Amino acid sequence: MSQLPAFLTHQNGELHLEGVALSRLAREHGTPLFVYSRAAMLASLAAYQRGLAGRDHLICYAMKANSSLAILQTLVRAGCGLDIVSAGELERALAAGVQPDRIIFSGVGKTRAEMRRAIEVGIGCFNVESRAELDVLDEVARSLGRRAPVSIRVNPNVDAKTHPYISTGLKGNKFGIAHEEVIATYRHAAGCAGLQVVGIDCHIGSQITQAGPYLDAMDRVLDLVTAIEAAGVPIPHIDFGGGLGIDYNGDTPPAADDLWAQLLARLDARGFGQRRIMIEPGRSLVGNAGVCLTEVLYLKPGEQKNFLIVDAAMNDLPRPAMYQAFHRIEPVVPRSGDGMTWDVVGPVCESGDWIGRDRALNVQSGDLLAVLSAGAYCMSMASNYNTRGRAAEVLVDGDQVRLIRQRESVADQLRMEVPLA
């Protein structure tokens, strides 16, 4: 079993995040409840900043991991740009106070309206994923009398050794332009009056726990940069994406500063040490900064399975149902003894509504559990399935607590609907 994430400790017989008892937060704000550590996020960011110190670089937080406004503000104020994938994320990014030229727009399906708005506000770069997208972006930019800054996302056919749903750098994935088509695509982009080539982009997947795939992808991208520039198209920046994993269950990803020491050594050895570097970490900045608090509702022992029913569900924590993902589950106030083996499940009417399988827990109805590593791809993927309101969120800073999202009510959900007369 892995250690508790940083800034999560047992004090006086119960779990605390930084200086705050989690049981207190559950009493004050109810459950399910997402709780985030500001110090944990900044410590994770600092590892990247150390790794890239002295280099021309821009770290853009991939806000799809967790787009809550206070999270974005925390990271932007600490020096991050933002990586977006939709018009909604663009407006959130601007609301968080990021400078538009520190925004990167990724994603395979940008619409004309999204392109137009992003050009008008002056974002730093579009990461373009197809030849067809290039042509549409060129058309939109010319209609505005502007040139859109573009970086072409290449698909290096590198196996990230991760879950198939979050692997993005293989030929069979929908992302990026095939390695063998890249040079022709760059020549085409350079000839478009509405486009300005500013870089090259590569992102091979998420929850990567080894350095090898990054090094393989870097070599392929640098080979392409050499070939593209030989064809007469300069490449001002190189974007190596994100995807570094976190420790969910004894996983051992390299620390961000250690990973970048390896990558920069490879970059220097190949003569690209002065090139501007862009990266887009997401999960590795926020994943282990968050926990989800949930109350035990019922214990339901069975002949084949023992079910522990909690008030959090797949609409709050979708990763187990979607990816069969593991989240460590800890009692907020541990009881003595071994307990029993339980499947931890939610109240949603789906057999896929589970949080953890075969967990040894000594609990009773009314106890609180902390679902760990819940800072990424939980609240940002939450839904209203079964007309369940999305959870409240709080941000902990030392011994201070700030409510950053109110609990969603049924009235909130119905407000946008139009009933029949």
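Could you tell me whether region 168-183 includes any residue that is assigned by TED's automatic domain parsing to the domain that holds Phe272, at pLDDT 85 or above and of a type outside the set (Val, Ile, Thr)?
Yes - at least one qualifying residue is present in region 168-183.
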(request) Could you identify the single residue in Ala391, Ala370 that is surrounded by 20 or more Cβ atoms within 10 Å (Cβ to Cβ), within 25 Å of Ala411 (Cβ to Cβ) and in contact with an Asp or Glu (Cβ under 9 Å, 6 or more places away or on another chain)? (result) Ala391
(message) Filter region 238-297 down to the residues that are small (Gly, Ala, Ser) and either in a loop (DSSP other than H, G, I, E, B) or farther than 30 Å from Val396 by Cβ (or both) and list them by number.
(response) Gly241, Gly242, Gly243, Gly245, Gly250, Ala255, Ala261, Ala265, Ala269, Gly271, Gly273, Gly282
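Suppose the filter is in contact with a helix residue (DSSP H, G or I) (Cβ under 6 Å, 6 or more places away or on another chain), surrounded by 24 or more Cβ atoms within 10 Å (Cβ to Cβ) and within 27 Å of Leu369 (Cβ to Cβ); does Val286 pass it?
yes
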(request) Answer with yes or no whether Gly302 is among the small types (Gly, Ala, Ser) and in a helix (DSSP H, G or I). (result) no
(request) Scan Glu330, Glu350 and give me the residue that is of a type outside the set (S, T, N, Q), in a loop (DSSP other than H, G, I, E, B) and either under 23 Å from Leu72 (Cβ atoms) or touching a residue at least 24 places away in the same chain (Cβ under 8 Å) (or both). (result) Glu350
(request) Among the residues of region 184-232, write down those that are among the aliphatic types (A, V, I, L, M), in a loop (DSSP other than H, G, I, E, B) and modelled with pLDDT under 95. (result) Ile204, Ala211
(request) Filter region 309-346 down to residues that are surrounded by fewer than 18 Cβ atoms within 10 Å (Cβ to Cβ), under 11 Å from Leu369 (Cβ atoms) and β-branched (Val, Ile, Thr), then give me how many there are. (result) 1
(request) Determine which single condition Ser130 fails, assuming it passes every other condition in (1) over 22 Å from Ile238 (Cβ atoms); (2) over 22 Å from the mean Cα position of the chain (by Cα). (result) (1)
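The values are calculated or read from the model by the stated rules, or taken from the named source; none is laboratory data. From a predicted model like this one, the values you see are computed outputs, not experimental measurements. Every residue, glycine among them, receives a Cβ derived from its backbone with ideal geometry; neighbour counts consider all protein chains shown.
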